[in-house]
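Student: My questions will all concern the structure given below.
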Protein chains: 2
Amino acid sequence: MSAPNLQRRGFLLVLSSPSGAGKTTITRRLIERDPTLSLSVSVTTRPRRSSEIDGRDYHFIGQAEFDRMVAEGELLEHASVFGYCYGTPRRQVEAALAAGHDIVTDIDWQGTQQLSVGVRDDIVTIFVLPPSADALEARLRTRAQDSDAVIAQRMAKSAEEMSHWPEYQYVIVNDDLETSVAKALAIVTAERLKRTRLPGLADFVNRLRGG
Amino acid sequence: MSAPNLQRRGFLLVLSSPSGAGKTTITRRLIERDPTLSLSVSVTTRPRRSSEIDGRDYHFIGQAEFDRMVAEGELLEHASVFGYCYGTPRRQVEAALAAGHDIVTDIDWQGTQQLSVGVRDDIVTIFVLPPSADALEARLRTRAQDSDAVIAQRMAKSAEEMSHWPEYQYVIVNDDLETSVAKALAIVTAERLKRTRLPGLADFVNRLRGG
């Protein structure tokens, strides 16, 4: 008996965490484990590095084009980091969701707040926390020569980022990487089974009932 | 690094389906695969069968006691089937949820509607559908000597039950039993990670931020 092919609406999965808590590693593993997930590709005004491919790592665009996209509402969120601009193109995300594809992005709480407005019911948000303050400090102490002042600054930044956990739907305490990836995959599976993401169900049940 | 023991609130997982779609088998397998899940034990006025154990299969009580429980609001839902009364005791469910235990029950849409009022945010509902009308009819045609009229009657009853799918949070099309059990387990895992079920998070993050 073949599985019925139900029409489904995709979702945008957002992972946020303080630096050092592991969101980027979890995101990468998640896509390895479920190849139907794809990373959102941002636009940026930053120059391309030699290792980067246009359209895969970023869409590299000029400042004028970026400003035009902001002005015409073509970005779901955007931010400026060290003088360069970054943004998530609306058209690409909306086309993927309508086609039933799920997209993943790791972004900070400010980007998540903007995305929540633009994507509304199609967003699934996960906040990743470190298992302890000691573990976080160990991960932030990346170089032996870091001064205590530098570490303290990074810890303060993380503390500020962590204060936004109540804005997220799910929370994963990243105690063990593989367990955290399995939890994120379970969230993906569950969200795909939500009635509200299955617009094809009404027709399917009507056929069952008439059958 | 040991996993932090976050205070968690349990939930009541409800599986409903038309007869023949597999909710009872999925429920049984679910509890085998995750022994921290336990079945809700109903009260009933039906006489105990020799194979049944009081307190495990049901709490067997008299009609006067049942009527008292209904009158005093001690049942989260109740129904009458073939002249006997059945109900879900409120105190037992509330104690389990407060202690962070998850409970499973397979019940029809009428019971689910009553539970949704009594348990509110602590309920997780899954509707199980058959993969096709043919598959459903095959499962309902349990005895070779069933007349077409009997089958038609069962199909009509199933069609009526299926009309309630929009009242559920998740929908599983039971095409393959093992896949359906895995989907239900993913829902359980995801629901345990929901921020709103983790009242211990605020303290945990405050300790992280102060650390």
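Student: Please give the peptides A:52-63, B:12-23, A:105-116 ranked by average Cβ packing (other Cβ atoms within 10 Å per residue), highest first, as a rough proxy for protection. Before the final figure, lay out each step's value.
Tutor: Details: A:52-63: 12.7, B:12-23: 24.2, A:105-116: 19.2.
For the peptides A:52-63, B:12-23, A:105-116, the packing ranking is B:12-23, A:105-116, A:52-63.
Student: Using the Kirkwood radius built from alpha carbon pairs, what does the Stokes-Einstein equation give as D for segment A:159-201 at 20 °C and 1.002 mPa s, in µm² per second?
Tutor: The diffusion coefficient I find is 172 µm²/s.
Student: Quick query: amide H of B:L39 versus all other amide H atoms, modeled in the peptide plane; which residues come in under 5 Å with a sequence gap of 5 or more or a different chain?
Tutor: B:V104
Student: Something else now. So for the protein assembly as shown, taking the charge dipole from beta-carbon charges (+1 Lys/Arg, -1 Asp/Glu), which of A:V70, B:Q114, B:L12 sits furthest toward the positive end?
Tutor: It is B:L12.
Student: Okay, moving on. Over the whole of B:195-201, what's the average partner chain Cβ count within 10 Å per residue? Rounded to a whole number, please. Each step should come with its number before you reach the end.
Tutor: Numbers: counts 10, 4, 2, 4, 0, 0, 6.
The shielding value for this peptide is 4.
Student: Other chains' Cβ within 10 Å of A:171-177 residues: what's the mean? Numbers along the way, then the final one.
Tutor: On the way: counts 10, 1, 9, 0, 4, 2, 0.
For this peptide, the per-residue mean of nearby foreign Cβ atoms is 4.
Student: Evaluate the charge dipole of the protein assembly as shown about its Cα centre and quote only its size in Debye, nearest 20, assuming +1 on the Cβ of each Lys and Arg and -1 on the Cβ of each Asp and Glu. It would help to have the intermediate numbers written out before the result.
Tutor: Values: 52 positive and 56 negative charges, 68 e Å.
About 320 debye.
Student: While we're here: At B:G210, with labels set 7 Å past Cα in the Cβ direction, how many nm apart are the copies from this one, shortest first?
Tutor: Once sorted, the set of distances for B:G210 reads 6.3 nm.
Student: Treating the Cα atoms of chain B as identical point scatterers in vacuum, please give the log10 of the normalised Debye intensity I(q)/I(0) at q = 0.15, 0.16 Å⁻¹, two decimals.
Tutor: Rounded to two decimals, the profile gives -1.06, -1.17.
Student: Note down the nm distance, to one decimal, between modelled labels 7 Å out along Cα→Cβ at B:D134 and at A:R120.
Tutor: 4.0
Student: Now for a different question. Put the label 7 Å from Cα along Cα→Cβ for A:D146; what are its distances to the other copies, in nanometres, shortest first?
Tutor: 6.6
Student: Using only Cα positions of segment A:72-125, each an equal point scatterer, no hydration layer, compute I(q)/I(0) via Debye at q = 0.18 Å⁻¹ and quote the log10 values to two decimals.
Tutor: The computed values of log10 I(q)/I(0) come out as -0.59.
Student: Would you work out the charge dipole size for segment A:1-107 about its Cα centre, treating the Cβ of every Lys and Arg as +1 and the Cβ of every Asp and Glu as -1, and quote it to the nearest 20 debye?
Tutor: Details: 13 positive and 13 negative charges, 57 e Å.
That gives a dipole near 280 debye.
Student: Please report, for A:I31, the nm distances (one decimal) from its label point, 7 Å out from Cα along the beta-carbon direction, to the equivalent points in the remaining copies, shortest first.
Tutor: List, nearest first: 4.3 nm.
Student: How shielded is B:33-41 by partner chains, expressed as the average number of their Cβ atoms within 10 Å of its Cβ atoms?
Tutor: Numbers: counts 0, 0, 0, 0, 0, 0, 0, 0, 0.
Neighbouring Cβ atoms belonging to other protein chains average 0 per residue here.
Student: How would you rank A:I123, A:I151, A:I172, going from fewest to most other Cβ atoms within 10 Å of each one's own Cβ?
Tutor: Working: A:I123 19, A:I151 14, A:I172 23.
Ordered by Cβ neighbours within 10 Å, fewest first: A:I151, A:I123, A:I172.
Student: Can you flag which of B:K23/B:K194; B:K157/B:K183; A:K23/B:K23; B:K157/B:K194; A:K23/B:K183 are past 31 Å Cα-Cα? Provide the component values of the computation, followed by the final result.
Tutor: Numbers: B:K23/B:K194 24 Å; B:K157/B:K183 26 Å; A:K23/B:K23 36 Å; B:K157/B:K194 36 Å; A:K23/B:K183 24 Å.
Listed pairs above 31 Å: A:K23/B:K23; B:K157/B:K194.
Student: Rounding to the nearest 20 debye, state how big the charge dipole of chain A is about its Cα centre with +1 on each Lys and Arg Cβ and -1 on each Asp and Glu Cβ.
Tutor: Values: 26 positive and 28 negative charges, 143 e Å.
That gives a dipole near 680 debye.
Student: Rounded to the nearest 0.05, what FRET efficiency do A:N206 and B:L177 give with R0 = 25 Å and r taken as the Cβ-Cβ distance? Could you check? Write down the numbers at each step before the final one.
Tutor: Details: r = 25 Å, r/R0 = 0.99.
FRET efficiency, A:N206 to B:L177: 0.50.
Computed from the coordinates by the stated procedures, all read-outs in this text should not be read as laboratory data. Given the structure is predicted, the values throughout are model-derived calculations rather than measurements. Reconstructed Cβ throughout: ideal geometry from the backbone, glycine too, with neighbour counts over all protein chains shown.
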